[in-house]
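Worksheet: the structure to be examined is printed underneath.
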Amino acid sequence: MTDTLTPDTLQKFLFDAAPVRGELVRMETTWQEVLRRHAYPAPVRRMLGEMMAAAALLSANLKFNGALVMQLHGDGPVRMLVVECLSDMTMRATAKLAEGETVAEDATLTQMVNAHGHGRFAITLDPKDKLPGQQPYQGIVPLADEHGPLGSICAVLEHYMQASEQLDTRLWLAADDRVAAGMLLQKLPSYGGTIEGTGHAPAQVGETGAPLVGHGRAQDLDTWDRACQLGNTLKTEELLAETPDTLLHRLFWEDLQDSGLRVFEPLTPHFHCSCSRPKVAGMLQSLGQDEIGSILEERGNVEIHCDFCGQRYEFDPVDCAQLFTTAHVATGAGAGAHQQH
Ligand SMILES: [Zn+2]
């Protein structure tokens, strides 16, 4: 099956006539790696796939070395959606459903995660090399704005971006059983100044015959509006079916023809779970010896399954005793060392 999949691609681009940047992403393999590990109802799959496309777009958009974690905390039949994207485009995702509750085939986002108005959305930026005492940055918004509940992942994210980054950002997202895809357009902070002020040479604009001198501001504003209008012509089916390269040519062929669009080397999103025995050991240590002792008493051993990849980690009484020896706590890792020999 793998060899029939289209390679996963994230394509960044930048307009020369104005400080507007964009990205297109399309993932099959990465998305399939998530889906084959879990059996989610169709509306949950769509919601998670759209979040995955959005996480790739936002992560690639940041100059930041670390993990971007998107969490949707639900108060309905879906309790939690988590997507993580690292700077190298490594991704993983999972959803947690409320036990004993069912998700209707036609369930809306509000019904799934904001049934009682307590749903909220969070983005955490966790730097790879944290300074001593440095906490990860987290921004949280409710799943509603002044007009009422937000009905799509797209609306939730655009609301989030406006509340936190205060940059005009537009998103188009789509996901089905095969593909997770999306497009992002963003107006950069220097927008609204003259072309001279942006540092972008206006030469490409002149080639189209458009007036240059004294019209810098007008040209700027037009580029953002035009790019968004073109984005609005994008159909969900198109986003799912076509590669970023095809879509880029379809939407912005005029800019490409005039060399008014800078297209960067594509990035490659891929699935990888960073869970490990030492990390699970660290988590068990943080629970404390009493807690672990009572689990052992009840079940004979401690068994942990990774929510993202399904990997099973088992700690027998000997392993658990080692977690709390002085030597082990001092190094903070290596709980499974004796098993690896
Ligand atoms: Zn894992």
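Coordinate-derived values only; no laboratory data. Predicted model only: the values in this text are computed from it and were never measured. All Cβ positions, glycine included, derive from the backbone under ideal geometry; neighbour counts span all protein chains shown.
Quick notes on this one:
- Residue-by-residue Karplus 3J(HN,Hα) for region 87-102, coefficients 6.51, -1.76, 1.60, Hz, glycine and proline x: 4, 8, 6, 6, 10, 8, 7, 7, 10, 10, 9, 5, 5, x, 10, 10
- Kirkwood hydrodynamic radius of region 1-81, Cα pairs, Å: 14.8 Å
- Pairs from the list K12/K128; K128/K187; K187/K279; K96/K187; K12/K279; K128/K235 with a Cα-Cα gap above 31 Å: K187/K279; K96/K187; K12/K279; K128/K235.
- Over all other residues within a Cβ to Cβ distance under 12 Å of P266, the charged ones net out to -2, with Lys and Arg as +1 and Asp and Glu as -1.
- Span-like helix check, the chain: qualifying full DSSP H segments, with Cα axial length of 18 Å or more and mean Kyte-Doolittle of -1.0 or more, are 42-61.
- For a label point 7 Å along the Cα-to-beta-carbon line of E165, residues of region 230-256 with backbone N under 14 Å: none
- Expected-Rg normalisation [2.2 N^0.38 Å, Cα atoms] applied to region 229-282: 1.85
- Among F324, F64, F15, residue whose mean-square fluctuation peaks in a GNM of the chain (springs only between Cα atoms under 10 Å): F324
- Charging the Cβ of each Asp and Glu at -1 and of each Lys and Arg at +1, and nothing else, the dipole of the chain about its Cα centre rounds to 400 debye.
- Sorted by Cβ neighbour density within 10 Å, fewest at the top, the residues R92, R46: R46, R92
- Spin-label pair C228-A241: with each label point 7 Å from Cα along the Cα-Cβ axis, the two points sit 2.8 nm from one another.
- Most mobile of T233, T325, T94 in a GNM of the chain (Cα contacts under 10 Å): T325
- For the chain, C85, C154, C228, C320 stand unpaired, since no other cysteine beta carbon lies under 4.7 Å from theirs.
- Toward the positive end of the charge dipole of the chain, with +1 on the Cβ of Lys and Arg and -1 on the Cβ of Asp and Glu, the farthest Cα among V69, P19, Y137 is that of Y137.
- Positive contributions from Lys and Arg (+1) and negative ones from Asp and Glu (-1), summed over other residues with Cβ under 12 Å from the Cβ of M91, come out at -3.
- The chain - share of DSSP beta bridges that are antiparallel (%, nearest 5): 95 percent
- Charge dipole (Cα centre; +1 on Lys/Arg Cβ, -1 on Asp/Glu Cβ; no other charges) of region 52-147 amounts to roughly 420 debye.
- Inter-label distance, nm, simple model (7 Å from Cα along the C-beta direction), E105/L125: 4.3 nm
- Toward the positive end of the charge dipole of the chain, with +1 on the Cβ of Lys and Arg and -1 on the Cβ of Asp and Glu, the farthest Cα among W253, H116, S294 is that of S294.
- Highest-MSF residue in the chain out of W31, W224, W253 [GNM, Cα springs under 10 Å]: W253
- Calculated P(r) tail over 28 Å for the chain, as whole % of Cα pairs: 51 percent
- Region 39-101 and region 106-179: distance between their alpha carbon centers, rounded to Å: 10 Å
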